[in-house]
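Some notes on the structure that comes next.
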Amino acid sequence: VSGAPLGVFDSGLGGLTVVRALRSRLPHESIVYLGDTARVPYGTRSEDTILRYARSCASVLTKRGVKALVIACNTASAVALDMLRAELDLPVVGVIDPGASAAVEIAASGPKPVHKIGVLATARTVATGAYTRAVGRLSTRLEVIGQAAPLLVPLVEEGWIEGDVPRLAAERYLEPLIHADAGVIVLGCTHYPVLRSIIEDAAARLSGRHIPVVDSAEATAAAVGALLESRGLGAPASERGSLELLVTDLPASFSQMAERCLGTGAPAATQIDL
Ligand code: DGL
């Protein structure tokens, strides 16, 4: 089993930020990534639809014999993690608990006391309250303020990641979080790490100080590493992990996003039907 790949899925291309973090932390692991590009975005849809989509993505990956499943999508993690854990006979990791615990750690370790964690996410992720519950399991002291930032998703998909448009959008979404005195900002959507420096700069400009920004991709890769180790599922150190990219539609922006996240050596994606 330890030689089997990790299965990673996302609603589209944003989950490649998690793949990047996994490959840098766990270079021996092979990965099969499925981006449901035909049905993105998930973040604006109903819970029932997201459950159905998540189940079909998981089924493609389990049929390929993956040893563990990583839900590299905040919206699918918020809605479908419990269901997939109950239904599947393999470990399932979402991105929300790792992101929440990284945020709680940073909140506890800074020089200035932090009482509020701001979460930028899709409308559905905010509506589920998943980050509030995840932080609440770790600390009773911290308040979570969610802010839906839906326009950041198409900006990243379009590759519109520099200049005035993403800067103004980031400022508009951050404004209520800064106003409420959030001391840590969580990038609660897999697309947002691509805009990380724009978001960091905007938060600093609006607040007049440095506000730490948490990227749940890094924290998720660490959680996957810990899980594989605890279950004895890690790939042998002699292996060099391979990467297979599957998509349900091949958008023009795919190779650009793959290159941005994975470098020029990114493999071509194969289009599949669910
Ligand atoms: N991958 C989604 C997430 O992390 C963002 C894109 C979408 O709405 O599907 O929430």
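Read the figures in this text as sums done on the coordinates, not as results from a lab. Please read all numbers here as calculations on a predicted model, not as lab measurements. For neighbour counting, all protein chains shown are included, and Cβ atoms are generated from backbone atoms with ideal geometry for every residue, glycine included.
List of remarks:
- FRET efficiency for residue 55 and residue 162, using Cβ-Cβ distance with R0 set to 30 Å, rounded to 0.05: 0.20
- Simple point charges give the picture: +1 on the Cβ of Lys and Arg, -1 on the Cβ of Asp and Glu, and for the range 1-157 a dipole about the Cα centre of about 140 debye.
- For the chain, with +1 on Lys and Arg beta carbons and -1 on Asp and Glu, the positive-most of 264, 170, 71 along the dipole: 71
- Applying the Karplus relation 6.51 cos²θ - 1.76 cosθ + 1.60 with θ = phi - 60° to the range 182-192 yields 3J(HN,Hα) values of 5, x, 9, 10, 9, 7, x, 8, 5, 6, 5 Hz, where x marks Gly and Pro.
- The angle between the Cα long axis of helix 164-179 and the main principal axis of the chain comes to about 60°, on a 0 to 90 degree scale.
- Diffusion coefficient, µm² s⁻¹, Stokes-Einstein with Kirkwood Rh over alpha-carbon pairs of the range 58-125 at 37 °C and 0.692 mPa s: 238
- Inverse mean reciprocal Cα-Cα distance (Kirkwood Rh) of the range 52-196, Å: 16.2
- Its Cα gyration tensor gives the range 126-219 an equivalent ellipsoid; the semi-axes, largest first and in whole Å, are 22, 16, 11.
- Förster radius 30 Å - calculated FRET efficiency between residue 82 and residue 143 (Cβ-Cβ, nearest 0.05): 0.80
- Estimated from helices alone, the mean residue ellipticity of the chain at 222 nm is -14500 deg cm²/dmol (sum of -39500 (n - 2.57) over DSSP H runs with n ≥ 4, per residue).
- Ranked from largest, the principal axis spans of the Cα set of the range 1-52 equal 37, 22, 16 Å.
- Positive-end residue, the chain charge dipole about Cα centroid, Cβ charges, pick of 236, 58, 246: 236
- Equivalent ellipsoid dimensions for the range 160-264 as semi-axes, Å, which come from the Cα gyration tensor, largest first: 32, 21, 10
- Using only side-chain charges placed at the Cβ, +1 for Lys and Arg and -1 for Asp and Glu, the dipole size of the range 166-274 relative to its Cα centre rounds to 240 debye.
- Listed by chain and number, the aspartates and glutamates whose C-alpha is less than 14 Å from the C-alpha of residue 116, apart from same-chain residues fewer than 8 away, are 105, 143, 181.
- By average C-beta atoms within 10 angstrom, highest first, the peptides 14-21, 91-98: 14-21, 91-98
- In this rough spin-label picture, where each label sits 7 Å from Cα along the Cβ direction, the residue 264-residue 63 distance is 3.6 nm.
- When peptides 150-159, 36-45, 66-75 are sorted by average Cβ neighbour count within 10 Å, with the highest value leading, the order is 66-75, 36-45, 150-159.
- Averaged over residues, the count of other Cβ atoms within 10 Å places the peptides 136-146, 213-223 in the sequence 213-223, 136-146, highest first.
- Shape summary: the chain maps onto an equivalent ellipsoid whose semi-axes, from the alpha-carbon gyration tensor, are 29, 21, 18 Å in decreasing order.
- Unit charges on C-beta of K, R, D, E only; dipole of the chain, Debye: 440
- Taking a point 7 Å out from the Cα of residue 244 in the direction of its Cβ, the residues of the range 63-86 whose backbone N falls within less than 12 Å of it are 63-67.
- 5 angstrom amide H check on residue 143, placed H, neighbours 5+ away: 116, 117
- Quotient of the Cα radius of gyration of the range 1-108 and 2.2 N^0.38 Å, N being its number of residues: 1.04.
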